[in-house]
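First the structure, in the form of structure tokens, and then the observations on it.
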Amino acid sequence: MSQKTFGNAINDALSTAMDMDDTVFIAGEGVGVSIHLDSNMPTYGLLDKFGRRRVKDTPVSEAAIAGLAVGASCMGLRPVVEIMFFPFITLASDMLVNHAGKLRYMSGGKSSFPLTVRVKAGVGFGAGSQHSHNLEAWIAHSPGLKIVWPATVEDAKGLLLSAIFDPDPVIVVEDMMLYRMKGELPDRDFRTPLGKARVAVPGTDCTVIAYGMALYTAMKALEPLIEKGISCEVIDLRSLVPLDKTCILESVRKTGRLVVVHEANRFCGFGAELAAMVAEEAFHDLKGPVKRVGAPQIPVPVASSLEKVFIPGPEDVVRAVLETMNK
Amino acid sequence: MKEKQITPDFQVSLFTRMVLIRKFEEKIVALCRESYQLPGMQILANGQEAVATGVVSALEPEDIIVSNHRSHGHLLARGADLNSLMAEIMAKADGVNCGKAGTLHLSMPEINALMTSTVVGAGPPLAVGAAFAQQYQALNGVTVVFFGDGAAAEGSVHEAMNLSGIWKLPILFVCENNGWAGAQRPEEHSAVRQIHKRAQGYDMPGQSVDGNDVEAVYHLSLELLEYCRSGKGPAFMETLTYRMRGHGEQDHQHYVNPEELEAWALKCPIIRYRRALLNAGILDKAQIQSIEQDAEARVAAAVAFGDAGPYPESDTALTDVFVQAFNA
Ligand SMILES: Cc1ncc(C[n+]2csc(CCOP(=O)(O)OP(=O)(O)O)c2C)c(N)n1
Ligand SMILES: [Mg+2]
């Protein structure tokens with residue numbers, strides 16, 4: 001174990017995978033030589049360590065980057081490609097949605113696509129709507145694609161290693177606002193299984209599900225709620241697809257209430273799927289309405305006075321919990 | 001119609017515009033250094049002023065500009081109001097886009113700077129639409145789209161070149177080859193070293209020009225704009241220049257060879273032109289100084305204007321999504 005940042009943990013996972021298996025290579029815009037000289041950046045130092053054969057700087061060509069991953073993975077390599085900001089995944093989406101997610105099915109199970117796409121996400125740095133736009137619901141909606149979203153230093157490594165060695169396409173979302181967060185990290189190869197949520201804080205009155213940065217927003221809501229005598233059970237979802245229904249339903253059956261928190265737009269967001277799933281499978285255990293906390297249906301504005309309106313805060317979580325508790 | 005013969009007055013105006021762009025962006029550098037709260041990434045065109053000035057000075061008022069993430073020069077050359085531009089960069093309510101755009105997504109349709117996209121390579125397909133509207137309505141205008149050498153690797157740029165080639169749309173593609181795409185060199189992102197050679201593949205004229213020579217850029221722009229305006233279709237201009245600062249202000253160019261930077265510093269478009277105008281006796285030192293001081297004063301006034309203004313009211317975050325608002 002050692003103290004590492006979230007960014008170091010991703011770097012550690014990439015390095016571990018590349019040490020273990022020569023079929024693993026990385027590609028993307030500036031994954032080798034970057035404008036950032038910062039050891040907290042996930043691909044820092046990998047070019048020096050592994051050389052140009054395995055660390056590929058690409059042109060600004062997201063469709064080709066994603067196509068590279070699809071084609072090479074079908075040939076048996078394990079590509080790990082990077083999309084610099086989440087909104088740019090739209091440029092890669094034909095390759096991912098129509099190909100990575102469909103070609104195995106259409107081959108009748110003959111082909112497989114063990115590729116990983118690392119996507120950098122986040123709001124709160126004034127970059128505006130073309131750099132900040134969390135599109136996890138688009139991906140989750142597309143069959144054949146897995147998507148995971150680490151919130152802790154440990155999972156940043158464990159989920160990425162699982163993704164790289166998973167036989168199917170996995171999108172791993174990285175909240176850039178977490179890159180500098182520190183935590184304990186096992187040095188060895190270890191895996192966080194895909195499809196397993198984690199009870200981050202046990203509680204009795206209301207289940208709160210969050211992922212990525214939003215987990216910390218949910219955590220900040222706990223204290224004011226405890227002061228009101230309300231105990232929340234916080235679930236760090238970690239994996240959107242596959243979805244750990246068992247963990248969610250067990251918790252909701254116990255607490256009878258559910259609040260979902262994400263930074264993406266609330267309307268048609270991933271929270272809607274969670275709410276619907278719980279309504280279908282645990283309706284009779286519910287004691288209050290399922291509540292969703294997310295961004296209003298606007299693009300991300302630049303001015304911080306406006307960006308604050310966009311980003312859901314702890315007070316929104318508190319309000320949602322109180323509403324479902326009818327308090 | 002623009003004159004092909006450059007008059008001394010016009011030369012002075014070219015120089016004045018370049019100086020204004022430089023001073024405006026130097027002020028942004030200073031504001032970043034003072035850790036002034038400028039939101040987002042500040043992406044500057046220091047060293048590329050002759051491209052913006054040369055191209056935009058060749059435009060007619062009805063011509064349209066589509067710009068990219070390195071847009072300040074394009075807008076200033078087009079005559080953008082300094083105060084509201086600086087206010088937007090500060091993300092103030094009085095900014096040209098009400099604080100929603102900040103530095104990266106400026107649009108000023110009122111001066112035919114129609115759109116900006118920070119999605120690399122998005123400009124050319126957007127220009128296809130604008131130029132189609134011009135052609136469709138038999139307007140006389142041309143659409144000029146600025147994009148980088150890095151952007152030229154996006155498929156969208158190739159699709160736009162092909163479609164405009166087929167439909168003979170009035171687009172001037174201006175590829176600002178500044179030697180870098182982030183930390184990547186042209187040889188890493190373009191199989192062909194002379195990007196303008198791609199024009200041939202889409203049946204349009206393609207030429208390169210010394211992008212640090214404002215008059216050369218102006219003359220080639222005029223020639224290619226005339227071609228586009230005459231209904232013959234699109235044209236392609238590659239301007240050879242250099243990105244003198246980091247990709248953005250957080251980038252300290254650790255990967256740049258200092259000798260290369262020094263060599264390009266000697267080719268600074270403003271220093272070169274100042275020398276040319278001095279030698280030709282068109283401006284003397286005192287006049288140059290007064291042009292510089294005037295630019296500094298205008299920039300200082302813009303900063304004061306921006307500083308004095310309020311940040312946008314939080315409820316305006318919810319406006320402008322649709323023309324006709326509804327409750328979602
Ligand atoms: C689709 C897309 N991919 C990646 C980026 C990140 N990015 C911003 S600017 C840039 C480099 C662009 O290089 P170039 O087109 O040469 O323009 P320059 O910055 O040199 O003016 C990159 C990769 C982006 N904004 N959009
Ligand atoms: Mg460039």
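Taking the conditions (1) modelled with pLDDT of 95 or more; (2) on the phi < 0 side of the Ramachandran plot in turn, B:Gly231 satisfies each one other than (2).
For region A:21-33, the criterion of being in a helix (DSSP H, G or I), away from ligand 2 (no atom under 16 Å from the Cβ) and not acidic (Asp, Glu) is met by none of the residues. Where helices (runs of 4 or more DSSP H) sit wholly within region B:119-189, those with at least 3 residues that are modelled with pLDDT of 95 or more occupy B:123-136, B:155-167. Looking at A:Tyr179, is it aromatic (Phe, Trp, Tyr) and more than 30 Å from A:Ala69 (Cα to Cα)? Taking the combined requirement at face value, the residue does not satisfy it. Annotation: A:Val117 fulfils all but one of (1) touching a Gly at 6+ places or on another chain (Cβ under 8 Å); (2) of a type in the set (A, V, I, L, M); (3) under 13 Å from A:Ile171 (Cβ atoms); the unmet one is (1). For A:Thr217, are the conditions met, namely being among the polar types (S, T, N, Q), more than 18 Å from A:Ala156 (Cα to Cα) and buried (at least 22 other Cβ atoms within 10 Å of the Cβ)? The answer is yes for A:Thr217.
Residue under question is B:Arg198, and the condition is that it be among the charged types (D, E, K, R), without any contact (Cβ under 8 Å) to a residue 40 or more places away in the chain and within 16 Å of ligand 2 (Cβ to nearest atom); does it hold? In short, no.
Residue-wise test of (1) within 16 Å of ligand 2 (Cβ to nearest atom); (2) within 14 Å of another protein chain (Cβ to nearest Cβ); (3) surrounded by fewer than 24 Cβ atoms within 10 Å (Cβ to Cβ).
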| residue | (1), (2), (3) |
| --- | --- |
| B:Gln5 | no, no, yes |
| B:Lys23 | no, no, yes |
| B:Lys27 | no, no, yes |
| B:Leu38 | no, yes, yes |
| B:Met41 | yes, yes, yes |
| B:Ala50 | yes, no, no |
| B:Val56 | no, no, no |
| B:Ser71 | yes, yes, no |
| B:Leu75 | no, no, no |
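The residue that is surrounded by the fewest Cβ atoms within 10 Å (Cβ to Cβ), counting only those in region A:83-137 that are modelled with pLDDT under 95 and over 22 Å from A:Ala272 (Cα atoms), is A:Phe125. Where helices (runs of 4 or more DSSP H) fall entirely within region B:218-328, those with at least 3 residues that are farther than 29 Å from B:Thr143 by Cα and either touching a helix residue (DSSP H, G or I) at 6+ places or on another chain (Cβ under 8 Å) or within 14 Å of another protein chain (Cβ to nearest Cβ) (or both) are at B:269-279, B:285-308.
Within the option set B:Thr239, B:Thr316, being in contact with a strand residue (DSSP E or B) (Cβ under 9 Å, 6 or more places away or on another chain) and of a type in the set (Ser, Thr, Tyr) holds for one residue only, B:Thr239. Filter region B:91-112 down to residues that are more than 7 Å from chain A (Cβ to nearest Cβ), of a type in the set (D, E, K, R) and open to solvent by 30 Å² or more (accessible area, probe 1.4 Å) and give me whichever is nearest to B:Ala133 (Cα to Cα). Looking at the filtered set, the residue picked out is B:Glu110.
Condition first: over 21 Å from B:Asn46 (Cα atoms), without any contact (Cβ under 8 Å) to a residue 60 or more places away in the chain and touching a Leu at 6+ places or on another chain (Cβ under 7 Å). Can you find one or more residues in region B:116-127 that meet it? No, region B:116-127 contains no residue that is over 21 Å from B:Asn46 (Cα atoms), without any contact (Cβ under 8 Å) to a residue 60 or more places away in the chain and touching a Leu at 6+ places or on another chain (Cβ under 7 Å). Looking at this structure, is A:Val148 within 14 Å of the chain's Cα centre (by Cα), closer than 27 Å to A:Leu103 by Cα and assigned by TED's automatic domain parsing to the domain that holds A:Ile89? When the stated conditions are applied, A:Val148 passes them.
When region B:190-209 is limited to residues that are assigned to a loop (DSSP other than H, G, I, E, B) and over 25 Å from B:Trp264 (Cβ atoms), the one that is farthest from ligand 1 (Cβ to nearest atom) turns out to be B:Asp203. Residues in region B:157-175 that are within 16 Å of ligand 2 (Cβ to nearest atom), within 14 Å of chain A (Cβ to nearest Cβ) and not aliphatic (A, V, I, L, M): B:Cys175 alone. Pairs meeting the criteria (first residue in region B:85-112 and in contact (Cβ under 8 Å) with a residue 12 or more places away in the chain and on the phi > 0 side of the Ramachandran plot, second residue in a loop (DSSP other than H, G, I, E, B) and of a type in the set (Val, Ile, Thr), beta carbons under 7 Å, at least 6 apart or on different chains) are B:Ala91/A:Val302; B:Gly99/A:Val302; B:Gly102/A:Val302. Does A:Ser73 qualify as being more than 14 Å from chain B (Cβ to nearest Cβ), more than 23 Å from A:Val153 (Cα to Cα) and not in a loop (DSSP other than H, G, I, E, B)? Yes.
The values are calculated or read from the model by the stated rules, or taken from the named source; none is laboratory data. Quick caveat, the model's predicted, so the values are computed rather than measured. Don't worry about glycine lacking a Cβ; one is built from the backbone with ideal geometry, like all the others, and counts go over all protein chains shown. Side chains included, ligands, DNA and RNA excluded: accessible areas come from the protein's heavy atoms. Shrake-Rupley method; radii C 1.70, N 1.55, O 1.52, S 1.80 Å.
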